[in-house]
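Undergrad: Once you've had a glance at the structure underneath, I'll fire off some questions.
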Amino acid sequence: MLCEQVLGKLKDVDISGKDVEYVDIEWHEAFKKIHRKVTDKGRDVGIRMGDSILTRGLLQDDVLYTDERLVIAVNTPPCQVITITLTPGHERMAAKVCYEIGNRHAPLFWGEKENTFVTVYDEPMELMLSKIHGVKLKIEQKKLDFDKRISASVHSHHH
C-alpha cells in the first residue's frame, strides 16, 4: 500500500465500523518524504510525500489512508527527553537555554508549565544544560507535542 498525502486528522475522519491501524513515525523521521513502515497490525505501508512535508512533518494522528473498512494514521512514539525548568528568579536564562539548544540544531518545544522547555535527550545536551545556573533538568519518556514546537524545523544535526 502506498500513501502519498495527509488526508486530515483522526478526530476529523469518520472511523465508525473501520479498523484503525497506526504506523510509528519517530520524531526524527517526521520531516522525511519517503518511508517504508509496517503498521501495528502488520500491514506493509510505503509513504511518499511531497515537499510540503519537509516543513509540515508527519504528526500524531495524521491520517495517511482511508477506505470503507480501514484507516491508517500516524503514531509518534514516546522518546527520551530533557524537561528544562527555569527556577524562580532565573527566568532570563531562557535566552541562554534556547540559544544553546538552537546552536546544536536540536528540536525545542514549550513545556507543559510556564518557564519550562522540552528537547530530545542526548548526553552532551544534558551535560551542557546542567551547567547553566538556575536550570533544573528532568530526564523522562514522553511524546513530543509538535503543536508546542518552538524551533522552525526538527532535524538531527551535530557539529
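Undergrad: At 1.4 Å probe size, put CYS98, CYS79 in order of accessible surface, largest to smallest.
TA: Values: CYS98 45, CYS79 15 Å².
Of CYS98, CYS79, the descending order of accessible area is CYS98, CYS79.
Undergrad: Residues of the chain: accessible area per residue at 1.4 Å, in Å²?
TA: On the way: 9250 Å² over 159 residues.
Averaged over the residues of the chain, the accessible area is 58 Å².
Undergrad: Counting only protein heavy atoms and using a 1.4 Å probe, what share of the accessible area of the chain belongs to carbon plus sulfur, as a whole percent? Show your work: numbers first, answer last.
TA: Values: 4650 of 9250 Å².
Result for the chain: 50 percent of the exposed heavy-atom area is carbon or sulfur.
Undergrad: Would you please classify the overall shape of segment 79-159 from the alpha carbon gyration tensor, given that a ≥ b ≥ c denote the square roots of the eigenvalues, rounded means a/c under 1.5, and beyond that prolate means a/b larger than b/c while oblate covers the rest? Numbers along the way, then the final one.
TA: Values: a/c = 1.41, a/b = 1.22, b/c = 1.15.
The shape class here is rounded.
Undergrad: Now for a different question. In whole Hz, with x marking every Gly and Pro, tabulate ³J(HN,Hα) for segment 98-115 from phi via Karplus 6.51 cos²θ - 1.76 cosθ + 1.60, θ = phi - 60°.
TA: 5, 4, 5, 5, x, 4, 9, 6, 8, x, 9, 10, 5, x, 6, 10, 4, 6
Undergrad: What's the Cα-based Rg to Rh of segment 36-121, Rh via Kirkwood?
TA: On the way: Rg = 18.0 Å, Rh = 16.0 Å.
Looking at segment 36-121, the ratio lands at 1.12.
Undergrad: Considering lysine pairs in segment 4-87 that are 8 or more places apart or on different chains, how many have Cα atoms under 19 Å apart?
TA: On the way: LYS9/LYS18; LYS9/LYS32; LYS9/LYS33; LYS18/LYS41.
Here the count comes out as 4.
Undergrad: On alpha carbon coordinates alone, what is the Rg over Rh value for the chain, Rh being the Kirkwood radius?
TA: Working: Rg = 17.9 Å, Rh = 17.1 Å.
In the chain, Rg relative to Rh is 1.05.
Undergrad: Now for a separate question. ³J(HN,Hα) across segment 28-40 via Karplus (A = 6.51, B = -1.76, C = 1.60, θ = phi - 60°), whole Hz, x for Gly/Pro?
TA: With the stated coefficients, segment 28-40 comes to 7, 9, 4, 10, 9, 7, 10, 9, 10, 9, 10, 6, 5 Hz.
The values are calculated or read from the model by the stated rules, or taken from the named source; none is laboratory data. Not measured: the values here are computed from a predicted model. Side chains are part of the model used for accessible areas, which takes the heavy atoms of the whole protein and leaves out ligands, DNA and RNA. Shrake-Rupley method; radii C 1.70, N 1.55, O 1.52, S 1.80 Å.
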